[in-house]
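Following: one structure in structure tokens, then a few remarks.
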Amino acid sequence: MEKTFNLARREDGIAILTMDVPGETMNTLRAEFGPEINQVLAEIKADSSIKGLVLISGKKDSFVAGADISMLDACKTAADAKQLSQQGHVVFNELESLKIPVIAAINGACLGGGLELALACHQRVCSLNSKTMMGVPEVQLGLLPGGGGTQRLPRLVGITTALDMMLTGKQLRPKQALKMGLVDDVVPESILLETAVEMALKGKRAPKKVKKSLVTRLLEGTPPGRNIIFDQAGKQVEKKTHGNYPAPAKIIDCVRQGMAKGLTKGLEVEANHFADLVVSKESEALRSIFFGTTEMKKETGAGDVEPRKVHKAMVLGGGLMGGGIASVTTTKAKIPARVKDISEQGLSNALSYAYKLLDKGVKRRHMTPAVRDNLMSLMTTTTEYKGIKDADIVVEAVFEDLKLKHQMVKDVERECGENTIFASNTSSLPISQIAEAASRPENVIGLHYFSPVEKMPLVEVIAHEKTSAETIATTVAFARKQGKTPIVVQDGAGFYVNRILALYMNEAAQLLLEGQSVEHLDKALVKFGFPVGPMTLLDEVGIDVGAKISPILESELGERFKAPAAFDKLLADDRKGRKNGKGFYLYGSKAKQRFKKKAKLVDESVYAVLGLTPTSTDSNNDSQDVAQRCVVQMLNEAVRCLEEGIIASPRDGDIGAIFGIGFPPFLGGPFHYIDSMGAAELVAVLETYQAKFGDRFTPCDRLKEMAENGLSFFE
Ligand SMILES: C[C@H](O)CC(=O)SCCNC(=O)CCNC(=O)[C@H](O)C(C)(C)COP(=O)(O)OP(=O)(O)OC[C@H]1O[C@@H](n2cnc3c(N)ncnc32)[C@H](O)[C@@H]1OP(=O)(O)O
């Protein structure tokens with residue numbers, strides 16, 4: 001049987017332990033490796049000719065990507081999970097207690113349990129490879145570092161830095177890791193092994209100490225100071241998570257107890273908390289997102305059809321969306337993009353959009369000015385159809401005007417090649433209607449981005465009836481290169497994301513008209529787990545934009561999409577939201593002058609415009625009811641989308657809602673959430689609301705059928 005750990009002895013007395021899980025693209029840590037690693041460690045201990053040990057990965061671009069998440073998923077009880085954590089502790093303690101120097105040579109992803117393995121080594125060196133990233137992302141899976149990370153990390157890099165890493169799950173690049181004292185050296189990949197060997201030959205040394213500010217030293221160095229750090233971290237966590245995520249508080253507790261009572265006690269606390277988290281419903285939901293997105297990375301969107309290579313792209317329109325799309329095309333996908341706009345102003349907007357983003361990277365020292373300039377040179381501009389004959393894909397991001405889009409389809413067919421894809425970033429027009437103007441409709445597809453483009457991870461790829469499989473596969477691959485998670489959806493008004501969002505927003509507007517205050521509505525949905533509340537979202541997206549989509553959805557999908565009268569009144573008062581400084585909240589100098597503070601304040605005059613006086617209270621029950629009314633609308637519509645084939649699977653529906661709208665990740669997405677509450681429960685809630693508020697709450701057939709038969713979406 002092929003081994004995972006291979007020990008090779010060098011003449012200079014340094015042994016190289018290469019980890020290479022047979023048949024896997026990446027190394028992960030599994031319980032089944034226990035006997036093998038124990039045997040190797042025993043062999044090293046028994047061999048006095050070994051003067052030092054270098055631990056390295058046999059995989060080309062990764063060190064160790066953490067504990068095997070499927071193994072954690074298979075834990076039936078907290079006791080199973082605790083055993084896994086304790087097994088890791090024993091092995092890592094053994095490694096740490098070796099008398100000879102042990103050096104981790106890190107190239108590629110070194111995450112979670114992988115970093116914990118490296119932390120148990122005496123020193124660490126990493127490569128400068130762009131794939132080399134170090135971090136403890138367990139919190140994003142609803143977990144905590146359960147292989148000693150909550151104990152060794154603060155002891156190495158300090159409590160503040162360790163908490164920051166563990167509570168955010170952020171990943172560090174090589175130079176950042178060096179600066180923080182996580183690694184002792186950073187070298188080109190070609191000399192990684194030799195550098196590690198040299199370090200081992202020098203004997204056991206304490207890791208490099210990094211300089212800390214006086215305040216940090218005072219805070220971290222005394223029990224009262226540490227208490228301040230932990231209390232502060234606890235407050236920040238509560239503010240951010242609203243009690244919806246159990247892992248962060250447990251991380252803080254592990255560090256608090258470990259720093260006060262010592263490593264052994266700390267490890268015990270870590271194993272207990274880790275075990276509870278592994279079997280928590282929040283972690284189960286978050287893990288399902290990891291499995292879903294990993295699975296999606298392999299899909300072409302069109303079966304086994306191969307995507308064509310995209311060498312050059314064109315973007316029509318240099319506005320906010322066009323600028324963003326051109327920017328991710330050049331900076332992320334590294335594909336040359338030519339931006340066309342009718343005005344020079346539009347073109348310079350697009351250029352400055354990309355430049356500002358890249359320059360941020362330079363200021364943060366993530367890239368050199370030369371790299372920024374090189375990437376900028378990939379973006380060119382034109383006011384005419386020039387230099388685009390060889391574009392493989394054209395993404396249009398112009399106004400939502402069907403006539404204009406028809407003109408563009410014709411222009412592109414005339415000016416570009418036979419296979420050039422015409423991708424429309426429309427958010428509401430059916431793609432089949434746009435394709436009506438095409439003589440090659442098989443090249444026409446929807447590619448719906450969310451704003452701000454560089455930040456929002458989702459894109460909807462919308463195929464109409466005649467879109468070819470090759471066009472779908474090529475567009476999916478193109479979006480993925482831009483760093484996006486694409487879901488392929490069927491053509492139809494609002495596609496998936498805007499459709500489920502519209503009903504949720506309409507319900508929030510309805511609640512507003514019933515007397516709920518703007519703050520109360522926003523607070524209720526943020527407490528539920530959304531990143532921002534519906535009123536803030538409307539201000540950000542634009543009240544005019546929201547108002548424009550509703551009638552389209554109503555005419556295509558029916559009465560339930562009828563927008564409450566609030567929109568008309570707001571628009572009559574020229575309230576468009578943040579973009580014109582007039583919406584539900586105060587913006588700009590008005591806000592500053594009146595209150596001299598940063599917090600967002602409601603523009604109270606909005607109530608007079610709507611002709612109402614808010615009556616809502618801040619009681620918890622009320623807030624739950626408010627959130628429930630908006631959310632069940634979204635859930636019901638998501639199931640309808642599945643029923644109608646708009647989305648291909650509950651998995652796509654979950655990923656689409658989380659990545660496109662910010663549906664609370666700890667609930668795993670709408671479908672996961674319905675499973676956890678039970679379809680029967682959701683139908684009962686919907687029917688209660690239906691009796692009280694009308695037919696817009698009618699549960700869809702699929703839900704009723706599932707409720708009757710006790711079915712769920714996932715196993
Ligand atoms: C006790 C400990 O504290 C607990 C833990 O360690 S929990 C785990 C913590 N680690 C993580 O969260 C990292 C998860 N992995 C990732 O984020 C990404 O895979 C990555 C950044 C490492 C690489 O991304 P990318 O290059 O796009 O490759 P990606 O397609 O995701 O992964 C390649 C393969 O590795 C697998 N993989 C990566 N990390 C894995 C993990 N921790 N567990 C199981 N499988 C994993 C993927 O499932 C995929 O398998 P496949 O080829 O059979 O489909």
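The values are calculated or read from the model by the stated rules, or taken from the named source; none is laboratory data. Everything quoted here is computed from the prediction, not taken from an experiment. No Cβ is skipped: glycine too gets one built from the backbone with ideal geometry, and neighbour counts run over all protein chains shown.
Below is a table of values for the structure above.
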item	result
Single match in K239, K209 (criterion: exposed (fewer than 15 other Cβ atoms within 10 Å of the Cβ) and within 22 Å of E138 (Cβ to Cβ))	K239
Output for segment 47-73, where each listed residue is among the polar types (S, T, N, Q) and surrounded by 19 or more Cβ atoms within 10 Å (Cβ to Cβ)	S57, S62
Some residue of segment 44-59 being closer than 15 Å to G114 by Cβ, at pLDDT below 95 and of a type in the set (D, E, K, R)	no
Conditions (1) more than 16 Å from the ligand (Cβ to nearest atom); (2) in a helix (DSSP H, G or I); (3) in the same structural domain as Q140 (by TED's automatic domain parsing); (4) not small (G, A, S); number of the one not met by M321	(3)
Search result, residues across segment 130-153 that are within 8 Å of the ligand (Cβ to nearest atom) and in contact with a Pro (Cβ under 8 Å, 6 or more places away or on another chain)	V136, E138
Residue pairs meeting the criteria (Cβ under 8 Å; at least 6 apart or on separate chains; first assigned by TED's automatic domain parsing to the domain that holds D20, in segment 37-56; second in a loop (DSSP other than H, G, I, E, B) and surrounded by fewer than 13 Cβ atoms within 10 Å (Cβ to Cβ))	K51/D12; G52/G203
Single condition S327 does not satisfy, out of (1) assigned to a helix (DSSP H, G or I); (2) within 16 Å of the ligand (Cβ to nearest atom); (3) in contact with a strand residue (DSSP E or B) (Cβ under 9 Å, 6 or more places away or on another chain)	(2)
Residue in segment 118-126 that is assigned by TED's automatic domain parsing to the domain that holds D47, modelled with pLDDT of 95 or more and at positive phi present	no
Test: residue in segment 620-641 that is in a loop (DSSP other than H, G, I, E, B) and surrounded by fewer than 20 Cβ atoms within 10 Å (Cβ to Cβ)	no
Scan of segment 597-611 for residues that are out of contact with any strand residue (DSSP E or B) (no Cβ under 7 Å at 6 or more places or on another chain), assigned to a loop (DSSP other than H, G, I, E, B) and modelled with pLDDT of 90 or more, ordered by number	E604, G611
Failed criterion for H89 (all others in (1) within 12 Å of the ligand (Cβ to nearest atom); (2) more than 28 Å from V40 (Cα to Cα); (3) in contact with a Leu (Cβ under 9 Å, 6 or more places away or on another chain) hold)	(2)
Any pair with Cβ under 6 angstrom, 6 or more apart, that starts in segment 440-452 at a residue that is under 16 Å from I421 (Cα atoms) and ends at one that is of a type in the set (D, E)	H448/E460
Test set (1) crowded, with 24+ Cβ neighbours inside 10 Å; (2) closer than 30 Å to Q624 by Cα - K455 fails condition number	(1)
Given (1) among the aliphatic types (A, V, I, L, M); (2) surrounded by fewer than 19 Cβ atoms within 10 Å (Cβ to Cβ); (3) within 16 Å of the ligand (Cβ to nearest atom), index of the condition M180 fails	(3)
Residue count, segment 515-569 (criterion: among the β-branched types (V, I, T) and either touching a strand residue (DSSP E or B) at 6+ places or on another chain (Cβ under 8 Å) or not in a helix (DSSP H, G or I) (or both))	5
Condition met for D164 (surrounded by fewer than 19 Cβ atoms within 10 Å (Cβ to Cβ), outside the structural domain of L525 (by TED's automatic domain parsing) and more than 17 Å from Q123 (Cβ to Cβ))	yes
Counted residues, segment 444-461 - those being farther than 18 Å from L538 by Cα and either more than 17 Å from the chain's Cα centre (by Cα) or polar (S, T, N, Q) (or both)	6
Matching residues, segment 654-686, being of a type in the set (D, E) and either without any contact (Cβ under 8 Å) to a residue 60 or more places away in the chain or outside the structural domain of V639 (by TED's automatic domain parsing) (or both)	D675, E681
Considering residues of segment 107-129 that are out of contact with any strand residue (DSSP E or B) (no Cβ under 8 Å at 6 or more places or on another chain) and under 20 Å from I69 (Cβ atoms) only, the residue farthest from the ligand (Cβ to nearest atom)	L119
Residue pairs meeting the criteria (Cβ under 6 Å; at least 6 apart or on separate chains; first under 19 Å from A477 (Cβ atoms), in segment 400-422; second at pLDDT 95 or above and polar (S, T, N, Q))	I421/N443; I421/T471; F422/N443
Any strands (runs of 3 or more DSSP E) falling wholly within segment 416-496 and containing at least 3 residues that are β-branched (V, I, T)	458-463, 485-490
Residues that are within 14 Å of the ligand (Cβ to nearest atom), in contact (Cβ under 8 Å) with a residue 60 or more places away in the chain and of a type in the set (S, T, Y), drawn from segment 281-305	S283, S288, T293
Which numbered condition L351 fails, given (1) closer than 30 Å to G88 by Cα; (2) out of contact with any Phe, Trp or Tyr (no Cβ under 7 Å at 6 or more places or on another chain)	(1)
Any hit, segment 186-200, residues being assigned to a loop (DSSP other than H, G, I, E, B) and under 19 Å from G266 (Cα atoms)	no
Top-ranked residue in segment 106-134 [being surrounded by fewer than 24 Cβ atoms within 10 Å (Cβ to Cβ) and within 22 Å of the chain's Cα centre (by Cα); ranked as nearest to K179 (Cα to Cα)]	M133
Residues within segment 1-19 that are within 25 Å of A67 (Cα to Cα) and of a type outside the set (A, V, I, L, M), tallied	6
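Residue by residue, here is whether (1) outside any helix (DSSP H, G or I); (2) free of Cβ contacts under 8 Å to residues at least 40 places away in the same chain; (3) within 23 Å of S85 (Cα to Cα); (4) of a type in the set (V, I, T) holds:
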{"residue": "L144", "(1), (2), (3), (4)": "yes, no, yes, no"}
{"residue": "G147", "(1), (2), (3), (4)": "yes, no, yes, no"}
{"residue": "Q151", "(1), (2), (3), (4)": "no, no, yes, no"}
{"residue": "P154", "(1), (2), (3), (4)": "no, no, yes, no"}
{"residue": "A162", "(1), (2), (3), (4)": "no, no, yes, no"}
{"residue": "M165", "(1), (2), (3), (4)": "no, yes, yes, no"}
{"residue": "A177", "(1), (2), (3), (4)": "no, no, no, no"}
{"residue": "V183", "(1), (2), (3), (4)": "yes, no, no, yes"}
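Matching residues to (1) surrounded by fewer than 22 Cβ atoms within 10 Å (Cβ to Cβ); (2) part of a loop (DSSP other than H, G, I, E, B); (3) at pLDDT below 95:
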position: A285; (1), (2), (3): no, no, no
position: F290; (1), (2), (3): yes, no, no
position: T293; (1), (2), (3): yes, no, no
position: A302; (1), (2), (3): yes, yes, yes
position: R308; (1), (2), (3): yes, yes, no
position: Q345; (1), (2), (3): yes, no, yes
position: N349; (1), (2), (3): yes, no, yes
position: Y353; (1), (2), (3): no, no, yes
position: V362; (1), (2), (3): yes, no, yes
